[in-house]
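Notes for the one structure printed next.
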Amino acid sequence: QVSQNELDWFHQDSEAQMKKWQQEKKENRENLKALRSTAKKHSDTNERYLKTIDDKEKQYNECLNTFLETSNKYANEKGKLEELIKKSQDDSQECEKRAVKAEV
């Protein structure tokens, strides 16, 4: 009789423990599912950001190259104009010298 009672208590405890574990298992599965969903969302967001960064980097490089080309073009033009100005100044001084000689 005592052994039967102990066995019944043991079964009740076992069943209660089993139900508790099953509930924990169910909660853990739900948490895992939610975490996987969150991880997927973060992964997708990260991929979008990486694509956006790549696109912006390409745009930046294109703009930088255009700027450098334009800058070099204008630097060359500036150099040519400075040479022309110097040549014109030299020619002007030469003309002044000739004019002074002609006056004399």
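The values are calculated or read from the model by the stated rules, or taken from the named source; none is laboratory data. This structure is a prediction, so every number in the text was calculated from the model and none was measured. Virtual Cβ from ideal backbone geometry, glycine too; neighbours counted across all protein chains shown. Heads up: the accessible areas ignore ligands, DNA and RNA and are worked out on the full protein's heavy atoms, side chains in. Shrake-Rupley method; radii C 1.70, N 1.55, O 1.52, S 1.80 Å.
Placing a label point 7 Å from the Cα of residue 57 along the Cα-to-Cβ direction, the residues of the stretch 28-48 whose backbone N falls under 15 Å of that point are 47-48. Approximating the spin labels as points 7 Å out from Cα along Cα→Cβ, the residue 70-to-residue 46 distance works out to 3.8 nm. In the chain, taking the dipole from charged Cβ atoms about the Cα centre, the farthest positive-side position among 89, 42, 4 is held by 89.
For semi-axes √(5λ) of the Cα gyration tensor in Å, the choices are (1) 24, 16, 10; (2) 97, 10, 5; (3) 23, 20, 14; which was calculated from the structure? Computed from these coordinates, semi-axes √(5λ) of the Cα gyration tensor in Å corresponds to label (2).
Annotation: residue 67 carries an accessible surface of approximately 130 Å², with a 1.4 Å probe and no ligand, DNA or RNA atoms counted.
Accessible surface calculations at 1.4 Å, restricted to protein heavy atoms, place the chain at 99 Å² per residue.
Over the chain, with every protein chain in place, what whole percent of the accessible area is carbon and sulfur at 1.4 Å, could you tell me? Before the final figure, lay out each step's value.
Numbers: 5550 of 10330 Å².
Roughly 54 percent of what the probe reaches on the chain is carbon or sulfur.
The angle separating the long axis of helix 2-103 from the principal Cα axis of greatest extent in the chain is about 0 degrees.
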